[in-house]
Amino acid sequence: MNKSRVIVVKCDTYEYEQVLKAVGTGFDLLGGVSAFARPGERIVMKPNVLIGTDPDRCVTTHPSVLRAVGELLKATGAEVSYGDSPSFGKAEPNLKKSGLKEAGDRLGLALADFDAGRSVSHKDALLVKRFVIANGVLDCDGLVSLPKLKTHGLVRYTGAVKNQFGCVPGILKGQSHARLPDPYDFATMLVDLNTLIKPRLYVMDGVMAMEGNGPRSGRPKRLGVLLLSTDPIALDATACRIICLDPEVVPTSRAGEKAGLGRYHSDGIEVIGEAIETVLDPDFEVNRTPPMSRSAGRFRTFLKNRTTDRPIIDRSKCTSCGTCVEMCPVRPQAVYWHRDDRSRPPRYSYGRCIRCFCCQETCPEGAILIDSPLLARLSRRI
Ligand code: SF4
Ligand code: SF4
């Protein structure tokens, strides 16, 4: 069986000409951009726009990456558009804040509709047989995914596979969290989403990654790489190896291999370009322990509060904006206003909390941290 190819190209800067050159090298190593777009085809690019934020904070895919990939795709004669459904609010204002709209405008690219979608069945799915997918994705001939390499509270790492979650419009994403509180079920849903959408190519922005309290409130960390592959599982596994995170820890790896989406074992992957050893970052701050399953019976439920990571609010940073309360997908909300007092930070009901970390992901002040109870820390040492 042929190995999955992952291209690793060094790129130390977001200076546009350098990024364009690096992306061009990546395409050449994959056989040329014409393998991914033909004249007249409608190709949509899907960057990671979790929440529109200044590109320097590394929450979103950098505009230079979108512009470089867009320029090369457009040169094939394809009709190129772009879009994403952020965690909060409509697509266009978030794309503007992240500089991606300006990058798209420079190339004269159309904005695809990611704010509304249609229901699609997925008979071959492992777990989720029906999705609502953004119109902009359903109306294109091919999708090119542009993920950002970041840490993630629920599944440890977010990259190529997770990026397609933004193809589900608006608040439906939160409902998926509420329906699938177990991180392994959630990961299987993400794999199903990828086998349904079938992006043609994944180009990962790892020039500046995010470590620590990602995917929104962590620290930018220079890795100086772009990764390209048609296999999202192999791409994510390679990115994990660069940050010295065992791919087995990331729940999408096994589910993705089981679904035939790709391969994460190193003997099934051919890394082309830079050798991983030359771009490793052993100091990258990421939780290297596997997420705990939450569907293992009543005893586990009883122990949940004592053994699983949980969100906590840093009261000194909280501005009582209420975003976390609004974004919490469970009802009644697990983060709530105590006695309806909106002048103080909200409180948590950990019994109701499903640990989806939507609150931590969307807090605009970075005031929500992930806390590991003592038993959880001890169990990791056993
Ligand atoms: S989203 Fe963050 S800043 Fe806003 S109320 Fe919640 S914890 Fe406080
Ligand atoms: S409180 Fe936060 S982690 Fe818990 S269910 Fe609500 S959004 Fe998810």
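A short reminder: the numbers here are calculations on the coordinates, not readings from a lab. If you're wondering where the values come from, they're calculated on a predicted model, not measured in any experiment. All Cβ positions, glycine included, derive from the backbone under ideal geometry; neighbour counts span all protein chains shown.
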Net charge within 10 Å of Asp283 by Cβ-Cβ distance, Lys/Arg positive one each and Asp/Glu negative one each, not counting Asp283 itself?
-2
Any chance you could tell me what percent of the C-alpha pair distances in the chain go past 29 Å?
38
Taking Cα atoms, how many degrees apart are the long axis of helix 298-307 and the longest axis of the chain, rounded to 10 and kept between 0 and 90?
80
Could you list which residues have their amide H under 5 Å from that of Ser98, counting only those 5 or more apart in sequence or on another chain, with H placed in the peptide plane?
Thr53
May I ask for the angle, rounded to the nearest 10°, between helix 183-197 and the longest principal axis of the chain, with both axes built from Cα atoms and the value confined to 0 to 90°?
30
Can you give the angle from 0 to 90° between the axis of helix 63-74 and the longest principal axis of the chain, with both taken from C-alpha atoms, to the nearest 10?
40
Greater than 24 Å separation of Cα atoms is the criterion. Which listed pairs, Lys10/Lys221; Lys90/Lys258; Lys3/Lys129; Lys46/Lys198, meet it?
Lys90/Lys258; Lys3/Lys129
Place a point 7 Å from the Cα of Trp337 along the Cα-to-Cβ direction; which residues of the stretch 343-363 have their backbone N under 13 Å from it?
343-347
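Using only the alpha carbon atoms of the stretch 1-149, find the Kirkwood hydrodynamic radius as the inverse mean reciprocal pair distance, in angstroms to one decimal. Intermediate results must be reported in sequence, preceding the final value.
Details: mean 1/r = 0.0618 Å⁻¹.
For the stretch 1-149, inverting the mean 1/r across all distinct Cα pairs yields 16.2 Å.
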At Cys244 and Leu107, where each label point lies 7 Å from the Cα along Cα→Cβ, what is the point-to-point distance in nanometres?
3.6
List the residues of the stretch 351-376 whose backbone N lies under 18 Å from a point placed 7 Å from the Cα of Asp56 along the Cα-to-Cβ direction.
365-366
Going by C-beta contacts inside 10 Å, put Ile243, Ile171 in order with the fewest on the left.
Ile171, Ile243
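Taking Cα atoms of the stretch 90-240, Rg/Rh with Kirkwood Rh, to two decimals? Present the calculation step by step, with values, prior to reporting the outcome.
On the way: Rg = 15.3 Å, Rh = 16.2 Å.
Computed over Cα atoms, the ratio is 0.94.
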Out of the DSSP beta bridges found with both residues in the chain, what percent are antiparallel (nearest 5)?
60
Let me check the size of the stretch 163-229 from its C-alpha atoms; what are the radius of gyration and Dmax in Å?
14.2, 37
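By per-residue mean of other Cβ atoms within 10 Å, what is the highest-first order of 45-53, 284-292?
On the way: 45-53: 25.2, 284-292: 18.0.
Sorting 45-53, 284-292 by mean packing, highest first, produces 45-53, 284-292.
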